[in-house]
Amino acid sequence: MSSHTPARTQVAVVGAGPAGLMLTHLLAQAGIDSVALDTRTRTEIEQTHRAGILEQDSVDLLVDTGVSDRVHRDGYRHDGIELAFGGGSHRIDFQGLVGASTQLYPQTDVFIDLADARERDGGDVRFGVSDVSVGDLESDAPFVRFTDADGAQHELRADFLVGADGSRSLCRREVPEDSRRQYFREYPFAWFGILTEAPPSAPELIYSHSEHGFALISQRTETLQRMYFQCDPSEDPQAWSDDRIWSELQTRVGANGYTLQEGPITSRSVLPFRSFVQEPMHHGRLVLAGDAAHTVPPTGAKGLNLALADVRVLAEELERAVAAGGLAPLADYSRRALERVWKAQHFSYWMTTMLHTLPDATPFDVRRQEGELAAVTSSVAGSTFLAEAYTGWPRRA
Ligand code: DHB
């Protein structure tokens, strides 16, 4: 109903996934009003399977800001991971190396907690909108136009506009070419991801490298497991029978001494691999956050954590911008966020290239990669580098 839409809000947020909702939650706590909208329905977002690993800072952000403490009840704390290669497995002991842990808690649950919290707190979130467009970014009152789920058209003016609209961001494309730079890298493989109704095959995650290709054994609950294996980007997931999938997974982890508990496969999809950054992460009164500004390949599960780290900084800088009325805090946001973004870009690229089988690898490349894995796992310094990045670099005071 158009009568429900204020013609003006302080911050309009395009995208009501975890980044957009966490931002509006933080803004509300600072007394700043906002409207968040998304072209997807709430159910559509809830049914999208994404990664499942939270850094300690991400857990703290959910719990300490009062979103929910369900992560402590329904999540699983992991104190390390297994790096499997060369016929064996090597544990990276996060607690022993850096005194930190991660939490296995799927992105879907993070989204549900945030959507519930916004509803509980009376936040203005519009799901299932269409015909979204943004403009007047360099004016004092940029707009977002959209048609709501009931078919009514709206124009909303805001002091600031946030593009938290994911890797196919519409907001990102509104930044003129001569005002931004894009960095892009493609990879010659993808992940075949499955959900299976089976008991866990291991207490922690297994990142398995072998000549048969990479596999990742993750979990969800006592009865539901998440697994991935490296495949060709053009693979059709529907062309694979359950038997063929299990045979592929067993071969890959079997090379390193593991056997998987099998069960019916309830979901299958192919996930693309890309590295992407657009900088700066602001233009006029528009700022970008999360996947709208940067994409990482999934190895190491940095995507959601990086989006949450973005909006934590963005909420602080928007608070400054609202108080002072100037745009300098938006540039500060971009600079501060990009420091972490590029560290995470390196980490995700490094984990990916260290663990996957490259289609055109020479015998030298293969042996060098094994040397790299041995160097990391046999050295406290090497393992600590991995553990610190995986659990999330501590925030600077
Ligand atoms: C999961 C995904 C990842 O990309 C990863 O590195 C670890 C875990 C997951 O979905 O559980």
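The values are calculated or read from the model by the stated rules, or taken from the named source; none is laboratory data. It should be emphasised that the depicted structure is a prediction, and the values quoted were computed from it without experimental measurement. Glycine gets a Cβ as well: all are built from the backbone with ideal geometry, and neighbour counts include every protein chain shown.
Odds and ends about this structure:
- Among the criteria (1) in the same structural domain as HIS282 (by TED's automatic domain parsing); (2) surrounded by 14 or more Cβ atoms within 10 Å (Cβ to Cβ), the one SER179 does not fulfil is (2).
- Boolean, SER247 is in the same structural domain as ALA361 (by TED's automatic domain parsing) and under 24 Å from the mean Cα position of the chain (by Cα): no
- Scanning the range 195-237 for residues that are among the β-branched types (Val, Ile, Thr) and within 26 Å of ALA387 (Cα to Cα) gives ILE206, ILE217, THR221.
- Residue check for GLU222: more than 12 Å from the ligand (Cβ to nearest atom), without any contact (Cβ under 8 Å) to a residue 24 or more places away in the chain and either on the phi < 0 side of the Ramachandran plot or not in a helix (DSSP H, G or I) (or both): yes
- Within the range 190-202, the set of residues being closer than 21 Å to ALA255 by Cα, more than 12 Å from the ligand (Cβ to nearest atom) and either assigned to a strand (DSSP E or B) or modelled with pLDDT under 95 (or both) comprises ALA190, PHE192.
- Boolean, ASP38 is within 16 Å of the ligand (Cβ to nearest atom), under 22 Å from the mean Cα position of the chain (by Cα) and of a type in the set (Asp, Glu): no
- Checking each residue in the range 66-93 for being over 26 Å from THR357 (Cβ atoms), in contact with a strand residue (DSSP E or B) (Cβ under 8 Å, 6 or more places away or on another chain) and of a type outside the set (Lys, Arg) picks out VAL71, GLY75, TYR76, ASP79, ASP93.
- Restricting the first member to the range 121-136 and to residues that are closer than 13 Å to HIS154 by Cβ, and the second to residues that are part of a strand (DSSP E or B) and small (Gly, Ala, Ser), the beta-carbon pairs closer than 8 Å and six or more apart or on different chains are ASP124/SER34; ASP124/ALA36; ARG126/ALA36; VAL134/GLY163.
- Filtered residues of the range 239-252 (kept if in a helix (DSSP H, G or I) and either aromatic (Phe, Trp, Tyr) or in contact with a Phe, Trp or Tyr (Cβ under 9 Å, 6 or more places away or on another chain) (or both)): ILE245, TRP246, GLU248, LEU249, GLN250, ARG252
- Residue within the range 330-341 that is out of contact with any Pro (no Cβ under 6 Å at 6 or more places or on another chain), small (Gly, Ala, Ser) and either in a loop (DSSP other than H, G, I, E, B) or within 16 Å of the ligand (Cβ to nearest atom) (or both) present: no
- Count of the range 110-167 residues which are within 24 Å of the chain's Cα centre (by Cα), among the acidic types (Asp, Glu), surrounded by fewer than 16 Cβ atoms within 10 Å (Cβ to Cβ) and in a loop (DSSP other than H, G, I, E, B): 0
- In the range 55-76, the condition of being within 16 Å of the ligand (Cβ to nearest atom) and either closer than 14 Å to VAL144 by Cβ or out of contact with any helix residue (DSSP H, G or I) (no Cβ under 9 Å at 6 or more places or on another chain) (or both) is met by at least one residue.
- The range 164-189: number of residues that are within 16 Å of the ligand (Cβ to nearest atom) and over 24 Å from GLY15 (Cβ atoms): 2
- Screening the range 288-346 for residues that are of a type in the set (Asp, Glu) and surrounded by fewer than 20 Cβ atoms within 10 Å (Cβ to Cβ) and picking the one that is nearest to VAL110 (Cα to Cα) gives GLU316.
- Taken as a whole, the structure places HIS72 among residues that are free of Cβ contacts under 8 Å to residues at least 24 places away in the same chain and either outside the structural domain of GLY52 (by TED's automatic domain parsing) or in a helix (DSSP H, G or I) (or both).
- Members of the range 34-53 that are buried (at least 16 other Cβ atoms within 10 Å of the Cβ) and modelled with pLDDT of 95 or more: SER34, VAL35, ALA36, LEU37, ASP38, THR39, ARG40, ARG42, ILE45, ILE53
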